[in-house]
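Following: one structure in structure tokens, then a few remarks.
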Amino acid sequence: MKRLLVTGSSGLIGSEVVRHFHELGWSIHGIDNNQRAVFFGPAGDTRWNQRRLQDTLPHFTHHELDVRDRDGVMNLVAELRPAAVVHTAAQPSHDRAAAIPFDDFDTNAVGTLNFLEAMRRVAPESPFVHMSTNKVYGDAPNEIGLLELETRWDYRDGDFKEGIPETFRIDYSKHSLFGASKVAADIMVQEYGRYFSMPTCCLRGGCLTGPAHSGVELHGFLSYLVKCNIDGAPYTVYGYKGKQVRDNIHAHDVARFIELFVAKPRCGETYNLGGGRDNSCSILEAFDRVESLTGKRMEWSYVDRNREGDHICYYSDLRKAKTHFPDWSLERSLDDIFTEIVDGWRQR
Ligand SMILES: NC(=O)c1ccc[n+]([C@@H]2O[C@H](COP(=O)([O-])OP(=O)(O)OC[C@H]3O[C@@H](n4cnc5c(N)ncnc54)[C@H](O)[C@@H]3O)[C@@H](O)[C@H]2O)c1
């Protein structure tokens, strides 16, 4: 059996990747220490997801390890010599990072370096997939001319009608400390690919989502929005008239892309991986969608102050991902995503 190492295995993307590769017949080793509950409190707890993996997947082994523990990472990687690594563990919140800059950087930047170097020493030929983020572009996408439509912003500039490409500049903009620590990791992953010829890639996520997200106000936009609707809890919209646009991709479609990259890797690549224009929606549009599914009105209020460095309109240009991997396309539509998240919260 081929051995896969997944960091952040109890989280949204990590757990989806675990299940996906398990079904493909791999043996999976997951690393997670429920740090999400430390970052976001009890609502961020991911133990439920860890237990679900352990209870249902016979070839899954959980390792309680902090990705910042360099010796622990070196020893485990040397023992396992994985045939591939999918690195999803992170401090994932833009807004949370300012309050915990050391935890954020040590987890996102240093944690990533720990795994890159550990892999270079024992299995440099194994594919290494890193979950990066569209926040590496900072708020530079906000400089693109915009059209204000009734319920959303959109790009006025025809050059971006397919979305933001990987060649978009990553500096001279405001990133948040989170975006900056993810840039450090992203560049390091590319460098291990270019300098050491290791098969690495960065997946610069848009809004990654699905029913397995433990959504909280500071991270997991759709999951949290749906949860508020179901619980009748108040939701706060920060700035941009609620017309800010996010592109949403189901964790299943992320896992499928990772499968294809692992099967046919390249060195030091970057891919923008979101829902693209077809799976994009504004917050106002998301309210309409969830209300029509649950029949419950959204309780929301508006604060006329946007989040620091927040994107006004962002959707990913998926053409590079589709050109390099022609067998990949989105299997889950925005309708599917909403329906699954609503069902997921109802069950939980
Ligand atoms: N969800 C999104 O919308 C989104 C968007 C763009 C990029 N990303 C990136 O994708 C990756 C996965 O995101 P997600 O939504 O699955 O996040 P998540 O928070 O659901 O999962 C991350 C997991 O990593 C674990 N973790 C965090 N710090 C750790 C540490 N120090 N040691 C061990 N485990 C640790 C957490 O406990 C959690 O279970 C992250 O790198 C994130 O930055 C996510």
**Q.** With all protein chains modelled, accessible area of L76 [1.4 Å, Å²]
**A.** 20 Å²
Q | Neighbour cut-off at most 16 other Cβ (10 Å), DSSP loop, GluC sites (Glu not before Pro), the stretch 155-226 | A | E162
Q) Translational D (Stokes-Einstein, µm²/s) of the chain at 25 °C and 0.890 mPa s when Rh comes from the Kirkwood sum over C-alpha pairs? A) 122 µm²/s
Q) Within straight cross-link reach of K296, meaning Cα distance under 29 Å, which lysines are found once same-chain residues fewer than 8 apart are removed? A) K227, K241, K243
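Computing the accessible area with a 1.4 Å probe over protein heavy atoms, can you report the carbon and sulfur percentage for the chain? Don't jump to the answer; show the numbers that get you there.
Values: 6930 of 14270 Å².
Carbon-and-sulfur percentage of accessible area, whole number: 49.
Just the ratio, please: alpha-carbon radius of gyration of the stretch 224-269 over 2.2 N^0.38 Å, N its number of residues. Can you show the working numbers first?
Numbers: Rg = 17.4 Å, N = 46, 2.2 N^0.38 = 9.4 Å.
Relative to the rule-of-thumb radius for its length, the stretch 224-269 sits at 1.85.
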Q) Using a Gaussian network model of the chain with C-alpha springs under 10 Å, which one of T61, T133, T200 is most mobile by mean-square fluctuation? A) T61
**Q.** 18 Å Cα-Cα reach of K264 towards lysines, excluding residues that sit fewer than 8 places from it in its own chain
**A.** K2, K320, K322
Q.
Rounded to two decimal places and with Rh computed the Kirkwood way over Cα pairs, what is Rg over Rh for the stretch 152-219?
A. 1.02
Q.
Could you identify which residue out of A78, A185, A212 has the top mean-square fluctuation in a GNM of the chain using Cα springs shorter than 10 Å?
A. A78
Q. Considering only protein heavy atoms, what per residue accessible area in square angstrom results for the chain with a 1.4 angstrom probe?
A. 41 Å²
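How much length would be gained if the chain were fully extended between R307 and L57, taking 0.36 nm per residue of separation minus their Cα-Cα distance, in nm to one decimal? Don't skip to the end; give the middle numbers.
Working: separation 250, 0.36 × 250 = 90.00 nm, distance 3.97 nm.
Full extension of this stretch gives 86.0 nm more.
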**Q.** Within the stretch 20-112, GluC sites (Glu not before Pro) in DSSP loop having at most 16 other beta-carbon neighbours inside 10 Å
**A.** E64
**Q.** Accessible area of Y235 in the full protein assembly, 1.4 Å probe (Å², nearest 10)
**A.** 20 Å²
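The values are calculated or read from the model by the stated rules, or taken from the named source; none is laboratory data. Owing to the predicted nature of the structure, the values given are computational and were not obtained by experimental measurement. Don't worry about glycine lacking a Cβ; one is built from the backbone with ideal geometry, like all the others, and counts go over all protein chains shown. To get the accessible areas, we keep the full protein, side chains included, count just its heavy atoms, and leave off ligands, DNA and RNA. Shrake-Rupley method; radii C 1.70, N 1.55, O 1.52, S 1.80 Å.
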